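Engineer: Sharing a structure below in structure tokens format, with a few things to ask.
Every read-out reported here was derived from the displayed coordinates using simple, explicitly stated rules and does not represent laboratory data. In this text the structure is predicted, and so the values were computed from the model without any measurement. Here the Cβ is made from the backbone with ideal geometry for all residues, glycine too, and neighbour counts use every protein chain on show.
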Amino acid sequence: MLTTIENTIDPKRIPQHIAIIMDGNGRWAQAHGHERAFGHRNGVTTVRRITEAASQLGVRYLTLYTFSTENWNRPQAEVDLLMHLVVSAIEEQTPDLIRNNVRLTAIGDLGRMPEFARQRLQRCIDDTATGTGLHLCLALSYSARWEIVEAARDIARQAASGTLDPETLSEASFATHLATADMPDPDLLIRTGGDIRVSNYLLWQIAYSELYFCDKYWPDFDAGDLMKAIADYQNRERRFGKTGEQIRNNQ
């Protein structure tokens, strides 16, 4: 039976691309009297159920902020745990991803990841490469500023070699140098955990994304919360610089 919130969602206006900042694992664990590691493990369960819900709703791209470049500054024991947890969870879920036609990819400075983690991640990416359903992208060792600087370096190298004329550079052509070049920009950015900021995440890509902030910690976020975010998104008028009248008249 459909819930009330499901009934309010227009299946024809599901966001094509949802990006999520999964925040609050550590604070959730501490609130329950456990070490931060307990929260990270429970956060993995949330990733699974939100991925399944997004796929069932018809979302085409789901990008999850899994590990930022700033996270390398955390205590080494927590960093080591996160690396093992990420790749172990991905390996465990790969059969389900394949069965559900989900394609896994990753963006970020993956060269900073331990070799064991990078190799195991790549194996899972290769195993799901033929998936034509939901595109699940993990932002690992990721920073938007890093990504933009890397794009600028790539453009500068091409200009220096004479293969790119700087005068022909446009916003669209610049975006082809980003890690997300094969994905549309997010329609909706969700952040859990109560903080109201974007934390160096997809800064170029979210220029016109709708932002949704949820007080729930990530381990408590469920399919119903995802549907609430989508319903809120569908109630907004996306004008992209035009007037509301122009949008309503399809001008």
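Engineer: What residue, of Arg103, Arg48, is more than 25 Å from Cys214 (Cβ to Cβ) and basic (Lys, Arg)? Full working, then the answer.
Structural biologist: Details: Arg48 fails: more than 25 Å from Cys214 (Cβ to Cβ).
After applying the criteria, what remains is Arg103.
Engineer: Any idea which residue in the range 101-136 is farthest from Glu147 (Cα to Cα), counting only those that are of a type in the set (Gly, Ala, Ser) and surrounded by fewer than 16 Cβ atoms within 10 Å (Cβ to Cβ)?
Structural biologist: Gly133
Here's the yes/no breakdown for (1) within 29 Å of Phe213 (Cα to Cα); (2) of a type in the set (Lys, Arg):
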| site | (1), (2) |
| --- | --- |
| Leu110 | yes, no |
| Arg120 | no, yes |
| Ile125 | no, no |
| Thr132 | no, no |
| Ala144 | yes, no |
| Ala156 | no, no |
| Gly162 | no, no |
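Engineer: I would also like to ask the following. Restricting to the range 162-198, what's the tally of residues that are under 20 Å from Gly133 (Cα atoms) and among the hydroxyl-bearing types (Ser, Thr, Tyr)?
Structural biologist: The number of residues fulfilling the criteria is 1.
Engineer: Another question, if that's okay. Scan the range 159-178 and report the pairs whose first residue is part of a helix (DSSP H, G or I) and whose second residue is among the β-branched types (Val, Ile, Thr) and surrounded by 10 or more Cβ atoms within 10 Å (Cβ to Cβ), with Cβ atoms within less than 8 Å and a gap of 6+ or a chain change.
Structural biologist: Pro166/Ile155; Phe174/Ile155
Engineer: Do we have any residue at all in the range 94-105 that's hydroxyl-bearing (Ser, Thr, Tyr) and in a strand (DSSP E or B)? Even if it seems obvious, please write down each step before you answer.
Structural biologist: Just the residues of the range 94-105 that are hydroxyl-bearing (Ser, Thr, Tyr), to begin with: 94, 105.
If we keep only those that are in a strand (DSSP E or B) as well, we get 105.
Yes, that holds for at least one residue.
Engineer: Within the range 5-36, which residues are out of contact with any helix residue (DSSP H, G or I) (no Cβ under 8 Å at 6 or more places or on another chain), in contact (Cβ under 8 Å) with a residue 12 or more places away in the chain and assigned to a loop (DSSP other than H, G, I, E, B)?
Structural biologist: Gln16
Engineer: Of the residues that sit in the range 2-56 and are over 17 Å from the mean Cα position of the chain (by Cα) and of a type in the set (Asp, Glu), which one is surrounded by the fewest Cβ atoms within 10 Å (Cβ to Cβ)?
Structural biologist: This residue is Asp10.
Engineer: Considering only residues of the range 189-233 that are assigned to a strand (DSSP E or B) and not aromatic (Phe, Trp, Tyr), which is farthest from Ala172 (Cα to Cα)?
Structural biologist: Here is the first cut: in the range 189-233, the residues assigned to a strand (DSSP E or B) are 189-191, 210-213.
After this cut, where a residue has to be not aromatic (Phe, Trp, Tyr) as well, the list is 189-191, 210-211.
Details: Leu189: 21, Ile190: 25, Arg191: 27, Glu210: 20, Leu211: 22 Å.
Checked the range 189-233; the qualifying residue farthest from Ala172 (Cα to Cα) is Arg191.
Engineer: Here's something else I'd like to know. Check the range 85-92 and report whether any residue there is in contact with a His (Cβ under 6 Å, 6 or more places away or on another chain), assigned to a helix (DSSP H, G or I) and either of a type outside the set (Val, Ile, Thr) or surrounded by 12 or more Cβ atoms within 10 Å (Cβ to Cβ) (or both).
Structural biologist: Scanning the range 85-92 turns up at least one residue that is in contact with a His (Cβ under 6 Å, 6 or more places away or on another chain), assigned to a helix (DSSP H, G or I) and either of a type outside the set (Val, Ile, Thr) or surrounded by 12 or more Cβ atoms within 10 Å (Cβ to Cβ) (or both).
Engineer: Okay, moving on. Taking only the range 116-158 into account, find how many residues are among the β-branched types (Val, Ile, Thr) and assigned to a helix (DSSP H, G or I).
Structural biologist: Adding up the residues that qualify gives 4.
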